[in-house]
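See structure below.
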Amino acid sequence: MAQLRVLIAAVVLVLLSATTALAQDYTISVSQIVEHPALDATRQGFMDYLKEQGLEVEYNVHIAQGNIATANQIANQIMDEGPDLVLAIATPTAQACAQRIRNIPVLAAAVTDFVGAGLVKSMEEPGANVTGLTDMTPMDQHMELMLEFVPDAKAVGVIYNAGEDNSVSLVKYLREEAKKKGVKLEEATIQNSSGVLQAARSLVGKVQAIYIPTDNTVVTALESAMKVAHENAIPLFSGDTDSVERGTLASLGFDYYNMGRQTGAMAYRILKEEANPGEMPVETLQELSLWVNLDAAEKMGVTIPESVLERADTVLE
Amino acid sequence: MSYYAFIGALEQGFVYGLMVLGVYLTFRVLEFPDLTVDGSLPLGAAVASVSITAGVPPYLAIFLAMGAGFLAGMVTGILNTKFKILHLLASILTMIALYSVNIRIMGRPNMTLLGKPTVLDPLEAMGMAPSLAPLALFGTIAVVIVCLLIWFLHTEWGQSMLATGDNRQMITSQGVNTHIVIILGVGLSNSLVALSGALVCQSQGAADVNMGVGTIVAGLASVIVGETVFGHRGVIRPLIAALLGSIVYRLAIALALGLELGAFSVTPSDLNLITAVLVVIALVSPQIKSKVLSRANS
């Protein structure tokens, strides 16, 4: 009984200490699966955009630390907070929010396959309270970019986590594009970030370029793949521009910060113009920018084609 | 912590409580630390979601999931008893194999159940609020399972399971085949874990191959918290304690999620740390209490 009393006392204490919201225009609850640069940049872009529009927003940010049980509890927590809008970052957190939260608008970001994940009925007409912005990479353009660097490539490697739904969808499209271009796609799958080094090594000698899609697991251990690329003079491309900053050769992206901003614009329409999320089509990123990294090119022994350098938006030294 | 968070924590406590009961059976009754659960939880979810998507009624789907979990547990048991592989290693092998198996079953790493029929539909059709229906259903299932386990542990089979964990040599000398007891015991445990997974995916809206990560940690923490707070003597009490331990564990996470400590700001990345600290407090508080009491008495 004494333990029970301690427990009740603790509950009461927390209830009392929970301060009520101050004078803010809106409250937004955020549910994010893990913390990593791309997902954090999405959140930041979202917040920055709304701030620039002059909206006073109080944020409740929750991170599930990769745990789906916690993602469920966060969805419950958000029901309590009763925000004006929910921002769900990545597929599992978006699904947990979509399942529980039925009458608050939910914007999902960093989700690749909205229909496959069951979040919306169709990309054009989501139908319920969930819509958002897809991070489906334009694989055709990425393939063309790689072939511009390595025109006579016979095979291209890709490293991804076969347990990440987003990555599996991406690689499916990459496979189709490779087939169209007559290039062989060598796939190396991993289960956790410590497998990236070995996966990259397994591609050495078989491929003329390596592609890292926007895969949460691989991106956390990007440096391992870079090391292999440097040692074996293999051009390493990435699906996102944040990774170019970390040392991949080039990307046509797809900047997660901009993605967050565009999602922020969707939030603005819902909050200020009372747009109905069920009638807002799932958006794709409007601005794609070409990033190249000169230092990476040197380390990988690659010459950047003039045509690429000319139209690059960002050239990192 | 307020209404939804509290209700949600209870609900998660019950639904993962089924998994905790499974962990209790192996870890405490059989003295068999079983890591299969990290794979059998998503296995249950995978089988349930594929079945439901294929048109199997949700209530039948959870039995199929339990069957799959039972088989997975049996594999671990057979690897341990018949092939003489250390129990920890045997269970790890099954666990990593299940990762691939689960992707095979679903055909992809994540399978949605949003918009599909679930076990919760009949309750919601009766007019129960979507936030209360899972609590009512999972609570009922958990209580029924606890009752069934209490009955089971008093049968001859249950007694030989208890005896196998207690003193294997003694029970072998009495002519009980401990291999069969272990194989079926680990199977039973994992069928409960798979049941938990089958229900979790229906309340979460999707089965995901990564949903099992950390299951054993949550399971062991719940078992130990339950024992410490609610006692561990006899056969009936520890079973109830395991279920309650699961609820306390989820309440701890709900507390950590809503924690505000005035000027000291807790960042979202502190969640795991805070949860661990709260569990440690639950674990050590009875010891401190008994020390204080014994000093006061002397």
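The values are calculated or read from the model by the stated rules, or taken from the named source; none is laboratory data. Here the structure is a predicted model, which means the values were calculated and not measured. Note: ideal-geometry Cβ built from the backbone for every residue, glycine included; neighbour counts use all protein chains shown. All accessible areas refer to the heavy atoms of the entire protein, side chains included, with ligands and DNA or RNA removed. Shrake-Rupley method; radii C 1.70, N 1.55, O 1.52, S 1.80 Å.
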Q.
I'd like to know which of A:163, A:286, A:300 lies farthest towards the positive end of the charge dipole of chain A, counting +1 on Cβ of Lys and Arg and -1 on Cβ of Asp and Glu.
A. A:163
Q: Using a 10 Å cut-off on Cβ to Cβ distances, tally the other chain neighbours for every residue of A:27-38 and report the average as a whole number.
A: 1
(Q) Could you sort B:157, A:291, B:151 by their accessible area in this structure, using a 1.4 Å probe and putting the largest first? (A) B:151, B:157, A:291
**Q.** Sequence-distant residues sharing a close amide H with residue A:212 (under 5 Å, placed H)
**A.** A:237, A:238, A:239
**Q.** Candidate lysines - alpha carbon under 18 Å from residue A:154, same-chain residues fewer than 8 apart omitted
**A.** A:179, A:180, A:181, A:184, A:206
Q.
Which order do you get for A:48, B:208, B:121 if you rank them by accessible area with a 1.4 Å probe, largest at the top?
A. B:121, A:48, B:208
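Largest first, how would A:36, B:232 line up by accessible area (1.4 Å probe)?
Result, largest first: B:232, A:36.
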Q: Within chain B, what's the longest run with no GluC sites (Glu not before Pro) in a DSSP loop and at most 16 other beta-carbon atoms within 10 Å? Give the range, please.
A: B:32-259
Q: Run the dipole for the protein assembly as shown about the Cα centre, Lys and Arg Cβ at +1, Asp and Glu Cβ at -1, nothing else charged, and hand back the magnitude in debye, nearest 20.
A: 2880
Q: Roll a 1.4 Å probe over the protein heavy atoms and report the accessible area of residue B:60 in Å², nearest 10.
A: 90
Q: Find the centroid of the Cα atoms in the range B:167-228 and in the range A:119-162, then give the distance between the two in whole Å.
A: 40
Q) Angle between the Cα long axis of helix A:165-181 and the longest principal axis of chain A, 0 to 90 degrees, nearest 10? A) 30
Q) Cross-link partners among lysines for residue B:291, C-alpha distance below 26 Å, same-chain residues fewer than 8 apart left out? A) none
(Q) Can you give me the angle between helix A:68-81 and the longest principal axis of chain A, using Cα atoms only, in degrees from 0 to 90, rounded to the nearest 10? (A) 40
Q: Would you mind checking the range B:209-242 for residues with the amide N under 11 Å from a putative spin-label position 7 Å along Cα→C-beta of residue B:121?
A: none
Q.
If I fit a long axis through the Cα atoms of helix A:91-100 and take the longest principal axis of the Cα atoms of chain A, what angle between them do I get, 0 to 90°, rounded to 10?
A. 20
Q.
Can you give me the C-alpha center-to-center distance between the range B:1-48 and the range A:194-231, rounded to a whole angstrom?
A. 36
**Q.** Check: the range B:3-212 dipole with +1 on Lys, Arg Cβ and -1 on Asp, Glu Cβ, in debye
**A.** 440
Q: Have a look at A:134, A:203, A:265 and report the one farthest towards the positive end of the charge dipole of chain A, computed about the Cα centre with Cβ charges (Lys/Arg +1, Asp/Glu -1).
A: A:203
Q. Span-like helices, chain B: DSSP H, alpha-carbon axial extent 27 Å or more, mean Kyte-Doolittle 0.0 or greater, which ones?
A. B:3-24, B:58-81, B:87-106, B:133-154, B:178-204, B:236-257, B:271-297
(Q) Using only the alpha-carbon atoms, what does the range A:198-283 span along each of its principal axes? Please give whole angstrom values in decreasing order. (A) 55, 21, 19
Q.
Looking only at the protein assembly as shown, where both bridge partners belong to it, what percent of the DSSP beta bridges are antiparallel (to the nearest 5)?
A. 15
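Provide the FRET efficiency to the nearest 0.05 for the residue B:84-residue A:181 pair, computing r from the beta carbons and using R0 = 45 Å. Don't skip to the end; give the middle numbers.
Working: r = 52 Å, r/R0 = 1.16.
The value I calculate is 0.30.
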Q | Pair-distance profile P(r), taking every C-alpha pair of the range B:3-212, with 10 angstrom steps and integer % | A | 10, 35, 33, 18, 5, 1
Q: Can you send over the solvent-accessible area of residue B:95, 1.4 Å probe, protein chains only, in Å² to the nearest 10?
A: 50
**Q.** Dipole moment magnitude, nearest 20 debye, chain A about Cα centre, only Lys, Arg, Asp, Glu C-beta charged
**A.** 1060
Q. Put a dot 7 Å past each Cα toward the Cβ at residue B:283 and residue B:232; how far apart are the dots in nm?
A. 1.1
Q.
Summing both sides, how much accessible area is buried between B and A? Use a 1.4 Å probe and give Å² to the nearest 100.
A. 4000
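With a probe of 1.4 Å, find how much accessible area the protein assembly as shown has per residue, and write the answer as a whole number in Å².
Per residue, the protein assembly as shown has 41 Å² of solvent-accessible surface.
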Q. Which one of B:202, B:42, B:10 is farthest out on the positive end of the charge dipole of the range B:3-212, using unit charges on Cβ (Lys, Arg +1; Asp, Glu -1) and the Cα centre as origin?
A. B:42
Q. Tell me, how many Å apart are the Cα centres for the range A:33-68 and for the range B:113-152?
A. 34
